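S.K.: Okay, handing you the structure first.
The values are calculated or read from the model by the stated rules, or taken from the named source; none is laboratory data. Owing to the predicted nature of the structure, the values given are computational and were not obtained by experimental measurement. Using ideal geometry, Cβ is built from the backbone for each residue, glycine included, and neighbour counts are taken over all protein chains shown. We work out accessible area using only protein heavy atoms, side chains counted, and drop any ligands, DNA or RNA first. Shrake-Rupley method; radii C 1.70, N 1.55, O 1.52, S 1.80 Å.
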Amino acid sequence: MADLRSDFVGIKSPNPFWLASAPPTDKEYNVVRAFEAGWGGVVWKTLGLDPHIVNVNGPRYGAVWGADRRLLGLNNIELITDRPLQTNLDEIKAVKRAWPDRAVVVSLMVPCEEVCWTEILKQVEDTGADGVELNFGCPHGMSERGMGSAVGQVPEYIEMVTRWCKQNTRMPVIVKLTPNITDIRYPARAAKKGGADAVSLINTVSSITSVNLDLMAPEPTIDGKGSHGGYCGPAVKPIALNMVAEIARDAEMAGLPISGIGGVTTWRDAAEFMALGAGNVQVCTAAMTYGFRIVTEMIDGLSRWMDGKGYARTSDFTGLATPNVTDWQYLNLNYVAKARIDQDLCIKCGRCHIVCEDTSHQAITATKDGARHFEVIDAECVACNLCVNVCPVEGCITMEQMPAGTVDPRTGRTVPAEYGNWTQHPNNPSSVAAE
Amino acid sequence: MTHGFEGADVKAGRLTSEQVAANFADLHPPLTRHEAAVAADRCYFCYDAPCMTACPTGIDIAMFIRQIAADNPSGAAKTIFDQNILGGMCARVCPTETLCEEACVREAAEGKPVEIGRLQRFATDHLMADGVHPYQPGVSTGRKIAVVGAGPAGLACAHRLALKGHAVTLFDAKPKPGGLNEYGIAAYKTPGGFAEAEVDFVLGIGNITLETGKALGRDISIDGLKWDYDAVFLGIGLGGVNALCVPGEDLSGVEDAVEFIAELRSAEDPSALAIGRRVVVIGGGMTAIDAAVQSKLLGAEDVTIVYRRGQESMNASLFEQDLAQTKGVAIKHWAKPVRVVCEGERRGVEFEYTRSGSGGLEGTGETFFVAADVVLKAIGQTLETPEGPATERGRIVVDAELRTSLDGVWAGGDCVAAGDDLTVTAVAQGRDAAESIHRALTA
Ligand SMILES: Cc1cc2nc3c(=O)[nH]c(=O)nc-3n(C[C@H](O)[C@H](O)[C@H](O)COP(=O)(O)OP(=O)(O)OC[C@H]3O[C@@H](n4cnc5c(N)ncnc54)[C@H](O)[C@@H]3O)c2cc1C
Ligand SMILES: Cc1cc2nc3c(=O)[nH]c(=O)nc-3n(C[C@H](O)[C@H](O)[C@H](O)COP(=O)(O)O)c2cc1C
Ligand code: SF4
């Protein structure tokens, strides 16, 4: 059996599955239920200064659904905790005492004044919590008051606040980043410069999920008005994966631990984040969609997959995919593939044909000898993969690499055996000719 | 009201009216909005979709399903009605398992096609519930056209002609329009007076004058119609019934299945219909199945269908055969009636086993007897030939444009040789004949 125990910046947990700072971690009651269900750790719902903030009394969430109302994306306009600070601190202390083997990290968001941070850090330390996470991420509400993503969008502020925290606590400091910026590496580098032990990402993406066409107002609508919210769940996973990879492969941030967040729903999502360099993962929407029991599947799925692959510990595969994320300019332009349609699996829906015909390269037939028949025309196929993506039958259309030495009927050129990228390409005005 | 053999056990009220009402409830209940969304989502929006090719009326199925998926059921219904104004009935009665749903690529992929029929019903029900007819009659052409027969073929023809701006008179011999939709289709496929509501819907376009109780050959003639109108369409179905041609056929226990069904369809309270304890149905088509199943649903104890060939030759689809069997109907293949008997307590039909021999179907000489209180014959209907148009094997001959041998006279539906005895085909032919008439009159 694979060993799922996790050590993230010195914080130990029985597995790498933490609940992200959000409603699932808002109270002792929820967190105890989460630990009973098997979660490795929690990042407590973000604490702020008293008097505690208030939330709207109308709907907080909007959603995007797929088939059969499967929740694909969730959007929220909830603020940080709306309970008194002392209540939260007392509960954190009680939980940590009762569950010493689980990770309890406390998320914080206070105004950009050093004294605010020093004071709250002391109070958190007294609870016996394992670490803090600085919430520089929430894109709604708190950002209007100069906190959350308003800090996370200014690298200098990130660095400054991180430094204050590091100077005022012995606890590990994790900096939670907002995706609502153009290049995630700048805030991440700032966190590192400020001395952060780790970064966690992503927080939610600024969003309007839909517009109510009767009310002519965004959803969720409160008394006729709506406000942008933060988007999360399966829909944001691709954004989060990319941001994790960008940080993981950045030379300046080599070795900076990452806690991966954003759309983690199954063990596979978690494995993907970790393969790209995340030391652990945090989950919010999946728990808010299905309840805490999903962690059972996550633990079982990850450990079976690790057993199958021969990975004894999570660190055995963490970051293994990172070196394979590269810049476009280094992709091998001498790699030539063609789509292949397995005629035995083909159900003749014709989707590959029509998308290639209407929107791509006219490389798939519709008929052969007068009968409905879908086949790739190698002389036209550029191997774009669109047909593979739209085919409803898994494995029916595949991309087959052309062996070196064969002639690509589209270009008439022989497929070279050696690697060749854009930097070396004759069409590139600044190319460096290959030796 | 079946009579049965003399002295046979035939009576009403075998089941309570509640039981009968439950038995005759919707065979395929309507989809809810959520169910429809889920079902619609399964459609792949195929290129040159095979389902559409398989539909005799050529409905753009992929498009209407996409409209349902996009929460636009009225738009979906319009897509359906553009091709098939009786899309509501077809959604209920089409043997989709041998038409669109058989062709659906998901049938090939996983044996579970997109539920096209039920989705079609969802969309058409939605629009029809609005009570607003979605079409306007075309700008008047000043032409008058006579349509004889207000069954699916005649209704589709009349509607398309009105759409093109022609003034239509729709004649039917019966007191109520609808044809077999009203009098033939199994009650559990179209409960709740749907057939009647649909006729109202179709006529809602305007410019169609309905004249019921007017029979061709009795009250009107082809020559007279040709004189008074610019064109004539015949959609008169098949009024007659094939004979068994065996001794005993004239006994009181032998009745016509279509007649039996028509009575059932017209009954206020079906539980008041007299029904035999033991019913034998002779035939292998939709009528045989429907007569057998409905007998069973009315409380008959033993119902047996006897068909002279094998299961694969039955005109009723596999789904229909399964339905009959799950309702408790026994189906016996490879036997033909040789004699109907009513001698003392011995009432029923003597059958001879058959096999396919070199010269076609032949008897094996071995016989058996099936006791019955009522025998329903469902061995096909025949044209009650109107004077005039050329016929072939009992049906009116038409060309590809649905023109008969008579100038200015078109025909479609069950009464023509080109049909396949399906509602949807009758609709397609009525519509296409209207297009042809329009081309001829405006050329
Ligand atoms: C018992 C039974 C069950 C069936 N079940 C199904 C099913 O489930 N699904 C399916 O697709 N098909 C089914 N069919 C077949 C389907 O009903 C027919 O194919 C379809 O109704 C044919 O339409 P039509 O307009 O040609 O004829 P009809 O529906 O027969 O309509 C003909 C009309 O013409 C009128 N008429 C006849 N003679 C004259 C005259 N001389 N003068 C004036 N008017 C006249 C009649 O009164 C009638 O209204 C079934 C048929 C039967 C008998
Ligand atoms: C209702 C709701 C409230 C949230 N509140 C907080 C919060 O107080 N502090 C915080 O750092 N992140 C907050 N988040 C963001 C989540 O912690 C997480 O970063 C984000 O939802 C992405 O992960 P997911 O796709 O697993 O949900 C909240 C998310 C939701 C849905
Ligand atoms: S064949 Fe099936 S999947 Fe394809 S368009 Fe028709 S209903 Fe949809």
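S.K.: For residue B:102 paired with residue A:266, estimate the spin-label separation in nm (one decimal), with each label point 7 Å from Cα along the Cα-to-Cβ line.
M.R.: Taking the simple label geometry, residue B:102 and residue A:266 are separated by 3.7 nm.
S.K.: Report the trypsin sites (Lys or Arg not before Pro) located in segment A:1-90 that are in a DSSP loop and have at most 12 other Cβ atoms inside 10 Å of their Cβ, or state none. Write out the running numbers ahead of the final one.
M.R.: Values: sites: A:5, A:12, A:27, A:33, A:45, A:60, A:69, A:70; in loops: A:5, A:27, A:60, A:70.
Passing sites in segment A:1-90 are A:70.
S.K.: Just the number, please: Stokes-Einstein D of chain A in µm²/s, Kirkwood Rh from C-alpha pairs, 10 °C, 1.306 mPa s. Intermediate values should be presented prior to the final figure.
M.R.: Working: Rh = 24.0 Å.
After rounding, the answer is 66 µm²/s.
S.K.: Please report the carbon-and-sulfur percent of the accessible area for segment A:329-424; probe 1.4 Å, protein heavy atoms only, DNA, RNA and ligands left out. If you can, show how the numbers build up before the last one.
M.R.: Values: 2640 of 5360 Å².
Roughly 49 percent of what the probe reaches on segment A:329-424 is carbon or sulfur.
S.K.: In whole percent, how big is the carbon plus sulfur part of the accessible area of chain B, probe 1.4 Å, protein atoms only?
M.R.: 48 percent
S.K.: Could you work out [θ]222 nm for chain A from helices alone, using -39500 (n - 2.57) per DSSP H run of at least four and dividing by all its residues? Round to the nearest 500 deg cm²/dmol.
M.R.: -8500 deg cm²/dmol
S.K.: Let me ask something else. Just subtract the alpha-carbon distance of residue A:331 and residue A:113 from 0.36 nm times their residue separation and send over the number in nm, one decimal. Provide the component values of the computation, followed by the final result.
M.R.: Working: separation 218, 0.36 × 218 = 78.48 nm, distance 4.66 nm.
Once the chain is fully extended between residue A:331 and residue A:113, it gains 73.8 nm.
S.K.: Same structure, new question: Over the heavy atoms of residue B:319, what accessible area does a 1.4 Å probe trace out, to the nearest 10 Å²?
M.R.: Near enough 80 Å² of accessible area.
S.K.: Turning to a different aspect of this structure: With a cut-off of 8 Å between alpha carbons and a minimum separation of six or more residues, what is the relative contact order of segment B:256-394 in percent? Display every interim value, and only then the final one.
M.R.: Values: 261 pairs, mean separation 35.8, N = 139.
Contact order relative to length: 26 percent.
S.K.: Can you list the residues in segment A:385-432 whose accessible area drops by at least 20 Å² when all protein chains are present, compared with the chain alone? Use a 1.4 Å probe, heavy atoms only.
M.R.: A:392
S.K.: For segment B:33-129, evaluate the Debye formula with one uniform point scatterer on each Cα (no solvent term) and list log10 I(q)/I(0) at q = 0.22, 0.24 Å⁻¹, rounded to two decimals.
M.R.: Relative scattering, expressed as log10 I(q)/I(0), comes to -1.08, -1.31.
S.K.: With a 1.4 Å probe, what is the total accessible area buried between chains A and B, in Å² rounded to the nearest 100?
M.R.: Numbers: alone 20600 and 18870 Å², together 38460 Å².
The contact between B and A buries close to 1000 Å².
S.K.: Given the pairs A:96/A:122; A:96/A:176; A:237/A:309; A:27/A:176; B:164/B:226; B:78/B:144, which are separated by over 18 angstrom at their Cα positions? Don't skip to the answer; put the middle values down first.
M.R.: Details: A:96/A:122 16 Å; A:96/A:176 22 Å; A:237/A:309 24 Å; A:27/A:176 20 Å; B:164/B:226 20 Å; B:78/B:144 27 Å.
Table pairs above 18 Å Cα-Cα are A:96/A:176; A:237/A:309; A:27/A:176; B:164/B:226; B:78/B:144.
S.K.: About the Cα centre, and with charges only on the beta carbon of Lys, Arg (+1) and Asp, Glu (-1), how big is the dipole of the protein assembly as shown? Nearest 20 debye, please. Numbers along the way, then the final one.
M.R.: On the way: 79 positive and 110 negative charges, 319 e Å.
It works out to roughly 1540 debye.
S.K.: A further question follows. What number comes out for accessible area per residue over chain B if the probe is 1.4 Å? Units Å², please. Don't jump to the answer; show the numbers that get you there.
M.R.: Numbers: 18370 Å² over 443 residues.
Accessible surface, normalised per residue, equals 41 Å².
S.K.: Separate question: Using the basic label-point model (7 angstrom from Cα toward the beta carbon), what is the residue A:406 to residue B:34 distance in nanometres?
M.R.: Spacing of the two 7 Å Cα→Cβ label points: 5.0 nm.
S.K.: Okay, moving on. How far is helix A:155-168 tilted off the main Cα axis of chain A, in degrees rounded to 10, range 0 to 90?
M.R.: The answer is roughly 40 degrees.
S.K.: Please report, in debye to the nearest 20, how large the charge dipole of chain A is about its Cα centre when each Lys and Arg carries +1 at its beta carbon and each Asp and Glu carries -1 there. Before the final figure, lay out the partial values.
M.R.: Numbers: 39 positive and 50 negative charges, 95 e Å.
Around 460 debye, computed over chain A.
S.K.: May I ask you to derive the relative contact order of segment A:6-324, considering only C-alpha pairs under 8 Å and at least 6 residues apart, and to give it as an integer percent?
M.R.: Numbers: 708 pairs, mean separation 55.6, N = 319.
Contact order relative to length: 17 percent.
S.K.: Continuing with the same structure: Roughly how far apart, in whole Å, are the Cα centres of segment B:152-194 and segment A:187-202?
M.R.: Centre-to-centre distance over Cα atoms comes out at 75 Å.
S.K.: Another question, then. Could you list the chymotrypsin sites (Phe, Trp or Tyr not before Pro) in segment A:149-250 that lie in coil according to DSSP, counting only those with at most 16 other Cβ atoms within 10 Å of their Cβ?
M.R.: Numbers: sites: A:157, A:164, A:231; in loops: none.
Qualifying residues, ordered by number: none.
S.K.: State the extension gain, in nm to one decimal, for the chain segment bounded by residue A:54 and residue A:358, taking 0.36 nm per residue of separation less the distance between their alpha-carbons.
M.R.: Details: separation 304, 0.36 × 304 = 109.44 nm, distance 5.23 nm.
Gain on extension, residue A:54 to residue A:358, equals 104.2 nm.
S.K.: FRET efficiency for residue A:250 and residue A:369, Cβ-Cβ distance as r, R0 = 56 Å, nearest 0.05?
M.R.: Numbers: r = 56 Å, r/R0 = 0.99.
Taking R0 as 56 Å, the efficiency between residue A:250 and residue A:369 is 0.50.
S.K.: Something else: For residue B:218 and residue B:369, FRET efficiency with R0 = 51 Å and r from the beta-carbon atoms, rounded to 0.05? Don't skip to the answer; put the middle values down first.
M.R.: Details: r = 42 Å, r/R0 = 0.83.
Using R0 = 51 Å, I get an efficiency of 0.75.
S.K.: Follow-up. What relative contact order, as a whole-number percentage, does segment A:329-424 give when Cα pairs under 8 Å and 6 or more residues apart are counted? Intermediate results must be reported in sequence, preceding the final value.
M.R.: Working: 172 pairs, mean separation 38.5, N = 96.
The value is 40 percent.
S.K.: Another one. May I ask you to derive the FRET efficiency for residue B:251 and residue B:130 from their Cβ-Cβ distance with R0 = 51 Å, giving the value to the nearest 0.05?
M.R.: Numbers: r = 52 Å, r/R0 = 1.02.
Once the sixth-power term is evaluated, E becomes 0.50.
S.K.: Let me ask something else about it. Please give, to one decimal in nm, the separation of the simple spin-label points placed at residue A:90 and residue B:440, each 7 Å out from Cα toward the Cβ.
M.R.: For the pair residue A:90/residue B:440, the computed spacing is 9.3 nm.
S.K.: What accessible area per residue comes out for segment A:103-237, rounded to a whole number of Å², with a 1.4 Å probe?
M.R.: 39 Å²
S.K.: Also, I was wondering about something else. So which cysteines of chain A have no other cysteine's Cβ under 4.7 Å from theirs?
M.R.: A:112, A:116, A:138, A:165, A:232, A:284, A:346, A:356, A:381, A:384, A:391, A:396
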